[in-house]
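Working notes, structure below.
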Amino acid sequence: MFVYYIDFFSIFLLTNISKLRYYGCTMKHLLAIESSCDDTSVAIVRLEKERTVLVCQKTASQIDIHKQYGGVIPEIAGRKHAEKILPVISAVLEEANLKKADYVAVTTGPGLMTGLLVGMEAAKNLAYLWQVPLVSVNHIDGHLHSIEVASKDDQSQQIQFPAVALTVSGGHTQLVLLKDHGDYELIGQTRDDAAGECFDKVAKILGFDYPGGPPIAARAEHGDPKAIPFPRPMINSGNFDMSFAGLKTAVLYHLKDNPPQSEQEVNDVCASFQQAIVDVLTSKAIKAVQEHHAASFLLVGGVSANKTFRRVIDEHITVPVLLSPKGFAMDNAAMIAYAAAYKVQKEKLHTWQNIQANPHWAITDV
Ligand code: KG4
Ligand code: ZN
């Protein structure tokens with residue numbers, strides 16, 4: 001069934017070649033595709049001499065579908081990406097008033113193989129039809145560059161190296177030392193669940209919708225973060241690794257032993273749980289910045305949208321803190337385009353014949 005969609009989609013693109021023909025344009029543009037999880041996102045950026053400018057971005061979210069299952073179902077995600085990707089590509093080209101781009105970038109890992117394959121096949125088709133280079137982008141590298149996303153009138157933020165980055169999403173929780181663009185060292189990571197995954201699982205236990213971060217954060221605003229002393233796993237482990245699976249289990253047992261008697265008690269569970277995660281992540285981040293003499297600190301990934309977390313990080317980190325601009329913390333194609341722009345500069349390019357998806361692509365190998 002899934003193969004059928006990809007074949008259909010290749011045929012569709014090839015038979016619509018005339019619509020995608022280039023009519024001439026002097027400015028260099030890059031089209032980026034992100035489909036590694038549950039968002040089909042496509043962005044176009046303009047590559048200027050000194051900076052990259054976001055021209056437009058469109059995202060088709062699958063959240064309403066995966067909500068029913070309490071998490072992302074890879075097979076469904078792949079099919080939905082295949083349905084959405086052509087309309088989203090057409091929509092961004094139309095909004096940017098372009099018939100083609102000069103480069104095509106695509107997330108090729110890490111992520112769900114079903115989604116990565118759809119994005120990569122689309123990118124390969126476009127690169128072939130337009131006869132332009134492909135740029136293969138690591139999803140986490142994209143999140144790191146999300147802090148730079150800026151449209152025409154915005155000031156883009158610059159990373160000061162060495163930098164320490166905390167990437168916290170539904171799939172990853174990693175502390176990364178950035179020596180330069182593309183020169184990264186993994187200094188710590190979760191040994192089990194990602195922090196966002198923990199939010200999602202606790203939300204499911206509480207009967208909230210997927211993704212669980214936003215409803216828990218909303219309830220936590222009205223709760224007491226000191227009400228329940230949930231564990232802070234590995235907070236004093238002496239390294240930069242983390243663990244969140246035990247915290248989720250602690251919440252589960254707490255709720256079994258103390259079923260909430262009021263909305264206030266649910267709010268207290270949410271606030272106490274959120275505080276436990278924030279404490280662990282903040283403590284690791286402070287130590288990483290100190291030990292690695294970081295000149296700046298990046299907080300990226302879906303969980304970085306959490307307001308309490310942003311505030312606590314801002315209060316405790318002594319070097320400039322760079323956050324993704326509003327709307328670019330969760331998965332998006334603009335961040336993939338910004339990471340790709342550095343690869344274009346360094347001529348790290350592919351052709352449609354030699355690009356591959358890798359669901360386990362490590363950030364240290366970009
Ligand atoms: O980066 P992202 O969009 O996708 C992945 O690469 O995983 O992150 C999604 C994750 C989900 O686990 C979601 O629950 C979490 O980010 N999230 C939040 C908040 N908004 C999204 N977690 C805590 N607080 C939030 N406000
Ligand atoms: Zn992500």
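The values are calculated or read from the model by the stated rules, or taken from the named source; none is laboratory data. These figures come from a predicted structure and were not determined experimentally. FYI the Cβ positions are ideal-geometry reconstructions off the backbone, even for glycines, and counts take in every protein chain you see.
If a residue has to be out of contact with any strand residue (DSSP E or B) (no Cβ under 7 Å at 6 or more places or on another chain) and within 16 Å of ligand 2 (Cβ to nearest atom) to count, how many in the stretch 172-230 make the cut?
Total satisfying the criteria: 11.
Being among the hydroxyl-bearing types (Ser, Thr, Tyr), farther than 17 Å from Pro359 by Cα and in contact with a strand residue (DSSP E or B) (Cβ under 7 Å, 6 or more places away or on another chain) is the filter here; which residues of the stretch 122-146 pass it?
Matches in the stretch 122-146: Ser146 only.
For the stretch 290-299, does any single residue satisfy the condition of being at negative phi, in contact with a strand residue (DSSP E or B) (Cβ under 9 Å, 6 or more places away or on another chain), modelled with pLDDT of 95 or more and within 14 Å of ligand 1 (Cβ to nearest atom)?
Yes: one or more hits.
When only residues in the stretch 301-336 that are part of a helix (DSSP H, G or I) and more than 16 Å from ligand 1 (Cβ to nearest atom) count, which is surrounded by the most Cβ atoms within 10 Å (Cβ to Cβ)? Outline the logic, then answer.
Restricting attention to the stretch 301-336, the residues satisfying the condition of being part of a helix (DSSP H, G or I) are 302-305, 307-316, 333-336.
If we keep only those that are more than 16 Å from ligand 1 (Cβ to nearest atom) as well, we get 315-316.
Working: Glu315: 9, His316: 13.
Among those that are part of a helix (DSSP H, G or I) and more than 16 Å from ligand 1 (Cβ to nearest atom), it is His316.
Find all pairs meeting these conditions: Cβ atoms under 6 angstrom apart; at least six residues apart or on different chains; first residue within the stretch 190-215 and in contact (Cβ under 8 Å) with a residue 40 or more places away in the chain; second residue basic (Lys, Arg) and assigned to a helix (DSSP H, G or I).
Cβ pairs passing all conditions: Cys198/Lys248; Lys201/Lys248; Val202/Lys248; Asp209/Lys67; Tyr210/Lys67.
Looking at Ala163, Ala227, which is the one that is at pLDDT 95 or above, aliphatic (A, V, I, L, M) and either surrounded by fewer than 19 Cβ atoms within 10 Å (Cβ to Cβ) or over 30 Å from Ile336 (Cβ atoms) (or both)? Can you show your working first?
On the way: Ala163 fails: either surrounded by fewer than 19 Cβ atoms within 10 Å (Cβ to Cβ) or over 30 Å from Ile336 (Cβ atoms) (or both).
After ruling out the rest, the residue left standing is Ala227.
Among the numbered conditions (1) of a type in the set (D, E, K, R); (2) in a loop (DSSP other than H, G, I, E, B); (3) farther than 18 Å from Val312 by Cα, tell me where Lys179 comes up short.
(2)
Take the residues in the stretch 32-66 that are assigned to a loop (DSSP other than H, G, I, E, B) and of a type in the set (Gly, Ala, Ser), then tell me which one is surrounded by the most Cβ atoms within 10 Å (Cβ to Cβ).
Ser35
Per-residue answers, yes or no, for (1) without any contact (Cβ under 8 Å) to a residue 60 or more places away in the chain; (2) part of a loop (DSSP other than H, G, I, E, B); (3) within 16 Å of ligand 1 (Cβ to nearest atom); (4) surrounded by fewer than 24 Cβ atoms within 10 Å (Cβ to Cβ):
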| site | (1), (2), (3), (4) |
| --- | --- |
| Val104 | no, no, no, no |
| Thr108 | no, no, yes, no |
| Ala127 | no, no, no, no |
| Val137 | no, no, yes, no |
| His145 | no, no, yes, no |
| Ser156 | no, yes, no, yes |
| Ile159 | no, yes, no, yes |
| Gly170 | no, yes, yes, no |
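Take Leu116 and decide whether it is within 16 Å of ligand 1 (Cβ to nearest atom), among the aliphatic types (A, V, I, L, M), modelled with pLDDT of 95 or more and part of a helix (DSSP H, G or I).
Against the criterion (within 16 Å of ligand 1 (Cβ to nearest atom), among the aliphatic types (A, V, I, L, M), modelled with pLDDT of 95 or more and part of a helix (DSSP H, G or I)), Leu116 qualifies.
Got a sec? Which of Ala295, Ala245 is surrounded by fewer than 21 Cβ atoms within 10 Å (Cβ to Cβ) and touching a residue at least 60 places away in the same chain (Cβ under 8 Å)?
Step by step, each of Ala295, Ala245 is checked, and only Ala295 is surrounded by fewer than 21 Cβ atoms within 10 Å (Cβ to Cβ) and touching a residue at least 60 places away in the same chain (Cβ under 8 Å).
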